[in-house]
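Contents: one structure, followed by commentary.
The values are calculated or read from the model by the stated rules, or taken from the named source; none is laboratory data. Bear in mind that the values here come from a model prediction, so they are computed numbers and not experimental data. As a convention, Cβ positions derive from the backbone with ideal geometry for all residues, glycine included, and neighbour counts pool all protein chains shown. The area values use the complete protein model at the heavy-atom level, side chains included, leaving out ligands, DNA and RNA. Shrake-Rupley method; radii C 1.70, N 1.55, O 1.52, S 1.80 Å.
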2 protein chains.
Amino acid sequence: VVRVMGVDPGLTRCGWGVVDGLPGRRVRLVDVGVVRTDPDLPLAQRLLQVADGLTAVLRECLPDSVAVERVFARNDVSTIMGTAQASGIAMMLAAQHGLPVDSHTPSEVKAAVTGNGRADKAQVTLMVTRILGLAEAPRPADAADGLALAICHLWRGGPSAAHDQTLHPHHPVGALTGTAGAPTAAQTAWARAAAAARAQPKEWRVPVR
Amino acid sequence: VVRVMGVDPGLTRCGWGVVDGLPGRRVRLVDVGVVRTDPDLPLAQRLLQVADGLTAVLRECLPDSVAVERVFARNDVSTIMGTAQASGIAMMLAAQHGLPVDSHTPSEVKAAVTGNGRADKAQVTLMVTRILGLAEAPRPADAADGLALAICHLWRGGPSAAHDQTLHPHHPVGALTGTAGAPTAAQTAWARAAAAARAQPKEWRVPVR
């Protein structure tokens, strides 16, 4: 089993999700939530709240690796700085805990979980819910995005998954990772997840913090 | 005495400077340096190096407050993300150590130490060297910028200086802080620093790390 923590960085809501990758491409939810910060507090205090929240998850869930959504300098200048700062803190904390860190772009994440790099938030949430066989969709969307990051990371593989394989040679990581970005992985996953969603009991509630 | 740590955030070179504010607007150098990171390392490792370096300074120099240069989403998109991430880590660490944090814009810093908001790097370094009565200019420029941040913070006052005053009522912070951004403060400082530079011995070397 490889345990991955995904982080959708943000200052107001920082989404995170932890999943276990099982042999044969199955994925299981470990925990999911959102670190919220108080907009009335000074920026430094809010960044500390993000750091404290993510540190608590790292210590409680003990992931093997961390995936953080890549932040681009784009349109929304008003929020980009806080997002970049939160992402930097997430990456630094992962390194501080000795974990490999990778970044994935929003379109990589969308393509990995829905098969479409331009899927909307509702489609991502729907597929995350199905892939993990959850009784209800994780809310808010930031929490689902954290899970999508973690699932994308498991399925895309990449340098850190290879790193995990080196660290944990008894774990068949290779069985979990397909060719990077291969579109058929998502399609296979969809079919498998749809079947799993039908087969599994639905009483489980997602504990969004 | 109020001790201020200034941080010029950066990923390749993160400049920092610590100064003591003395009654009557005099400023004394405590320590100055640069946290350098290895460009060949993964981003998360580099951010951890920045965090470890700044944490060491916080623990060794024990500042009363921290001033971080404000990062804008501007022209140089290639480096802005690393700079924003480093600034977020600096602010978060200061909050983690229970210290008040303020940001100042580059033009505020330039105006505070040179009297001209559009001064170039050489002018800022020259004035920092004179204000602190140093035998030679702190190098690289990022180290001088860290000191300029700290000096700016002392002289501009603002919320955190007021906060310091509350925390340390026995320290006459009011005597150190002028009207925010008043241009005459820098002019007074220039005259005082020029006199101090002439009066002081020159054997002291700046320990840039």
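Just for strands (runs of 3 or more DSSP E) wholly inside region B:1-82: which have at least 2 residues that are at pLDDT 95 or above, within 14 Å of chain A (Cβ to nearest Cβ) and surrounded by fewer than 17 Cβ atoms within 10 Å (Cβ to Cβ)? Full working, then the answer.
Numbers: elements: B:2-8, B:13-21, B:27-36, B:65-69.
Output list is empty.
Of the residues in region A:92-103, how many are under 13 Å from the mean Cα position of the chain (by Cα) and open to solvent by less than 10 Å² (accessible area, probe 1.4 Å)?
Just the residues of region A:92-103 that are under 13 Å from the mean Cα position of the chain (by Cα), to begin with: A:101-103.
If we keep only those that are open to solvent by less than 10 Å² (accessible area, probe 1.4 Å) as well, we get none.
Of the residues in region A:92-103, 0 are under 13 Å from the mean Cα position of the chain (by Cα) and open to solvent by less than 10 Å² (accessible area, probe 1.4 Å).
Looking at region B:162-169, can you tell me whether even one residue there is under 14 Å from the mean Cα position of the chain (by Cα), modelled with pLDDT under 95 and part of a loop (DSSP other than H, G, I, E, B)? Write out each step before concluding.
Going through region B:162-169, the residues under 14 Å from the mean Cα position of the chain (by Cα) turn out to be none.
No, region B:162-169 has no match at all.
For region A:86-145, what are the residues that are within 14 Å of chain B (Cβ to nearest Cβ) and small (Gly, Ala, Ser)?
First, pick out the residues of region A:86-145 that are within 14 Å of chain B (Cβ to nearest Cβ): A:86-105.
Residues satisfying the conditions are A:Ala86, A:Ser87, A:Gly88, A:Ala90, A:Ala94, A:Ala95, A:Gly98, A:Ser103.
Might you check whether a residue that is in contact (Cβ under 8 Å) with a residue 60 or more places away in the chain and over 23 Å from B:Leu48 (Cβ atoms) occurs anywhere in region A:64-76? Talk me through it step by step, then tell me what you get.
The initial filter retains those residues of region A:64-76 that are in contact (Cβ under 8 Å) with a residue 60 or more places away in the chain, namely A:64-69, A:71.
With over 23 Å from B:Leu48 (Cβ atoms) added as a condition, the list becomes none.
Checking region A:64-76: not a single residue is in contact (Cβ under 8 Å) with a residue 60 or more places away in the chain and over 23 Å from B:Leu48 (Cβ atoms).
Using the structure shown, decide if A:Val50 is within 18 Å of the chain's Cα centre (by Cα) and within 27 Å of A:Gly157 (Cβ to Cβ). Walk me through how you get there before you give the answer.
Details: within 18 Å of the chain's Cα centre (by Cα): yes; within 27 Å of A:Gly157 (Cβ to Cβ): no.
The answer is no for A:Val50.
Scan region A:107-131 and report the pairs whose first residue is part of a helix (DSSP H, G or I) and open to solvent by 60 Å² or more (accessible area, probe 1.4 Å) and whose second residue is at pLDDT 95 or above and among the polar types (S, T, N, Q), with Cβ atoms within less than 6 Å and a gap of 6+ or a chain change.
Hits for this filter: A:Gln123/A:Thr114.
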